[in-house]
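Since the structure comes first, as structure tokens, the remarks are kept for the end.
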Amino acid sequence: MSRLTIAGLVTSALLAGVAFAAEEPNADAYREMTYGDRDANPALLVIDRGEELFKEKRGPKNVSLEQCDFGLGAGVLKGAYAQLPRYFKDTDRVQDAESRLLTCMTELQGFTVEELTKQTFANDKRNEDNTDLEALTVYIAAQSDGMKINAPAEHPKEQEAIKVGEGIFWRRQGPLDFACATCHADDKKRIRLQNLGNFSKAGVDVQKTMSAWPTYRVSHAAVRTMQHRMWDCMWQMRLPDAQYGSPMTVALIAYLNAQGKDGTYALPGMSR
Amino acid sequence: MKIKLITVALLTALGTTVTVAADNDIAALVEQYIASGFKQGEKQHTERIVQDETQKQCTTYRNKIPSEMQKAFMERERATIKYPESGKLSGNWEQGQKTFTDGFAWRVGTIMPDKPDAVRGGNCYACHAADPKEVAAGNIGSTLTGYGKLRGNTPETIKYTYEKIYNSNTYMPCSSMPRLGHNGVLTPEQIADIVAFLVDPESPVNK
């Protein structure tokens, strides 16, 4: 599609939005037109690459990730992402898919955390392809497509992560005095035309978001994972870089998945 | 009977203590998780995650400061306000329109930082409607369209508007709006220009 056509679509969709709802501009119609087709999701190609990376013998120990335990037993991927974050006995901490991936890539394959986290995300300004971590994550997550968000909250450390995540969600800091809650604790709010979910209450908003990540972000021309989303929100709040897979980011994800429980995964997602 | 009452009272007291302790524990854990949650080192500006008293209180009370604390809170915020050297609280509306519109910079880190010397804007359309020609306006803040028409171009309105932008918490404890002047996002002169954009009868906001 030519740039001109896209510009035309944006304009007409915006105008349509304005004509039908002068009070509440929105770009939903444009979004549906642009990325409503699941079979046209470029993330499908990244998933294929993730599968190859997962099954390939790699790292100093020259083994695949097929024995990695994402919570349902070694090698079980089906439905595993839908039940994360969870407590893992071997690491004695609550882990999301991405911090768990780091564990397996260091323990099983022999990589070091330093080399793995040197560049966690593709730089969209340089039009880079997704990193191995991003490709692996979206492959793992896609094995929970159609299932319900169902992260466990039985272990005391799981309960702690959810509680602490909620506390982090409300913590105000930085030169803009922002907390996650500044943008995500009220209904029907927008930054410019971007809708903002109310994640302070359980229900549809948070289910819709948490069930659609990892997502192919059209504006980045790349797949983005939940760890990237956490980094991105902190970056927008003018805070330092969030540490990939840190207990802080995992706790936020644990809180959001607890709020979004029973949402149905539609993976991979596609969004702005 | 007496023993029963005492037991109930004791249990109630214990119950309360336990809940409070749990909240304090979580608050302490939040600080631990935050402290280890960000990259360290050059360009990270980790001082930004350290809270001032205002941010601490707004976190503790989830932005609902108890009424008996509000007066002291707002007085503290008022004491931070600095005014332009010229004394003019309303500047140039055309320059103000630019500052109001400009996307705010000042992002840090090593992954995608902004240029440290980039001129900062208010990025006000992210949250507020103003010039009716700008369709892509957010709605976290109140709509400012017709602001001067409604409130007049009076010294009182100008002073209130300047102070509200400089330190939003002066008029509303734990407002969602950043304390743009106090936190050093915008200079007093930039704020005065934005005031003009909002109140000047010639500004598109009031057309």
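The values are calculated or read from the model by the stated rules, or taken from the named source; none is laboratory data. Note that the structure is predicted; figures quoted are calculated from it, not measured. Don't worry about glycine lacking a Cβ; one is built from the backbone with ideal geometry, like all the others, and counts go over all protein chains shown. The protein model used for the area step is the full one, side chains on, heavy atoms only, and it has no ligands, DNA or RNA in it. Shrake-Rupley method; radii C 1.70, N 1.55, O 1.52, S 1.80 Å.
With +1 on each Lys and Arg Cβ and -1 on each Asp and Glu Cβ, how big is the dipole of chain A about its Cα centre, in debye rounded to the nearest 20?
440 debye
Give me the dipole magnitude in Debye, nearest 20, for the protein assembly as shown about the Cα centre, with unit charges on the beta carbon: positive for Lys and Arg, negative for Asp and Glu.
Values: 57 positive and 59 negative charges, 166 e Å.
Here the protein assembly as shown has a charge dipole of around 800 debye.
Longer than 24 Å from Cα to Cα, which of A:125/A:201; A:188/B:133; B:98/B:207 are they? Say none if no pair is.
Cα-Cα > 24 Å for A:125/A:201; rest within.
Using θ = phi - 60° and the Karplus relation 6.51 cos²θ - 1.76 cosθ + 1.60, list the HN-Hα couplings for region A:201-218 in order, rounded to whole Hz, with x at every Gly or Pro.
For region A:201-218, the Karplus-derived couplings read 10, 5, x, 4, 3, 6, 4, 4, 6, 5, 7, 10, 10, x, 9, 7, 8, 4 Hz, x marking Gly and Pro.
Carbon and sulfur atoms: what percent of the 1.4 Å accessible area of chain A do they account for?
Details: 6390 of 12080 Å².
The nonpolar share, carbon plus sulfur, comes to 53 percent.
Could you work out how far apart the two model spin labels at residue A:56 and residue A:192 are, taking each label as a point 7 Å from the Cα in the direction of the beta carbon, and quote it in nm?
3.7 nm
Only counting protein heavy atoms at a 1.4 Å probe, give the residues of region A:157-171, ordered by number, whose accessible area falls by 40 Å² or more when the other protein chains are present relative to the chain alone.
Output list: A:160, A:164, A:170, A:171.
Please identify the trypsin sites (Lys or Arg not before Pro) of region A:148-244 that satisfy two criteria: DSSP loop assignment and at most 13 other Cβ atoms within 10 Å. Which are they?
Sites meeting the loop and neighbour criteria: A:188, A:201.
Rounding to the nearest 20 debye, state how big the charge dipole of region A:88-189 is about its Cα centre with +1 on each Lys and Arg Cβ and -1 on each Asp and Glu Cβ.
Numbers: 13 positive and 20 negative charges, 77 e Å.
In total the dipole reaches around 380 debye.
Quick one: 3J(HN,Hα) in Hz for region B:108-124, Karplus 6.51/-1.76/1.60 with θ = phi - 60°, rounded, Gly and Pro as x.
Taking θ as phi minus 60°, the curve returns 10, x, 10, 7, 8, x, 7, 4, x, 9, 4, 5, 8, x, x, 6, 5 Hz for region B:108-124.
State whether region A:180-248 is rounded, prolate or oblate according to the following rule on the C-alpha gyration tensor (a ≥ b ≥ c being the square roots of its eigenvalues): a/c under 1.5 gives rounded; otherwise a/b larger than b/c gives prolate, and the remaining case gives oblate.
rounded
Rounded to whole Hz and in sequence order, give me ³J(HN,Hα) for region B:164-173 from the Karplus expression 6.51 cos²θ - 1.76 cosθ + 1.60, θ = phi - 60°, writing x for Gly and Pro.
Here the 3J(HN,Hα) series is 4, 6, 4, 8, 4, 6, 4, 9, 8, x Hz.
Compare the Cα positions of A:235, A:143, A:246 along the charge dipole of chain A (+1 at Cβ of Lys, Arg; -1 at Cβ of Asp, Glu; about the Cα centre) and return the one farthest towards the positive end.
Result: A:235, furthest along the dipole toward the positive end.
Could you tell me the ratio Rg/Rh of region B:93-206? Both radii from Cα atoms, Rh via Kirkwood. Each step should come with its number before you reach the end.
On the way: Rg = 14.0 Å, Rh = 14.4 Å.
Expressed as Rg/Rh, it is 0.97.
How big is region A:70-171 on each of its three principal axes, counting only the C-alpha atoms and giving the largest first in Å?
Reported extents, whole Å, longest axis first: 41, 37, 31.
To test your reading of the geometry: what angle, between 0 and 90 degrees and rounded to tens, separates the Cα axis of helix A:97-107 from the longest principal axis of chain A?
Computed tilt is about 30 degrees.
Projecting each Cα onto the charge dipole of region A:100-181 (Lys/Arg +1, Asp/Glu -1 at the beta carbon, about the Cα centre), which of A:176, A:155, A:103 comes out farthest on the positive side?
Farthest along the dipole direction, towards plus: A:176.
How long are the three semi-axes of the equivalent ellipsoid of chain B, in whole Å, if each is the root of 5 times an eigenvalue of the C-alpha gyration tensor, listed from largest down?
Output for chain B: semi-axes of 41, 24, 15 Å.
Report the dimensions of region A:216-272 along its three principal axes from the alpha-carbon atoms, largest first, rounded to Å.
If we take the Cα atoms of region A:216-272, the spans are 31, 29, 17 Å.
For region B:66-174, which trypsin sites (Lys or Arg not before Pro) are in a loop by DSSP, counting at most 15 other Cβ atoms within 10 Å? Numbers along the way, then the final one.
Working: sites: B:71, B:76, B:78, B:82, B:88, B:98, B:107, B:120, B:133, B:149, B:151, B:159, B:164; in loops: B:82, B:88, B:107, B:120, B:133.
Filter output for region B:66-174: B:82, B:133.
Given a 1.4 angstrom probe, I'd like the percentage of the accessible area of region B:136-207 that is carbon and sulfur, rounded to a whole number.
60 percent
As a test of the definition: which semi-axes, in Å, follow for chain A when you take the square root of five times each eigenvalue of its alpha carbon gyration tensor? Largest first, please.
Numbers: eigenvalues 192, 105, 59 Å².
Three semi-axes, in Å: 31, 23, 17.
Could you report the protein assembly as shown's accessible area per residue, 1.4 Å probe, as an integer in Å²?
Spelled out: the 1.4 Å probe surface of the protein assembly as shown, per residue, equals 49 Å².
Report, to two decimal places, the Cα Rg of the protein assembly as shown normalised by 2.2 N^0.38 Å (N = number of residues).
The protein assembly as shown yields a ratio of 1.07.
Over both sides of the B-A contact, add up the buried accessible area with a 1.4 Å probe and give it to the nearest 100 Å².
In total, this chain pair buries about 4500 Å².
Are there any GluC sites (Glu not before Pro) in region A:125-155 that are in a DSSP loop and have at most 16 other Cβ atoms within 10 Å? List them by number.
Answer by residue number: A:128, A:154.
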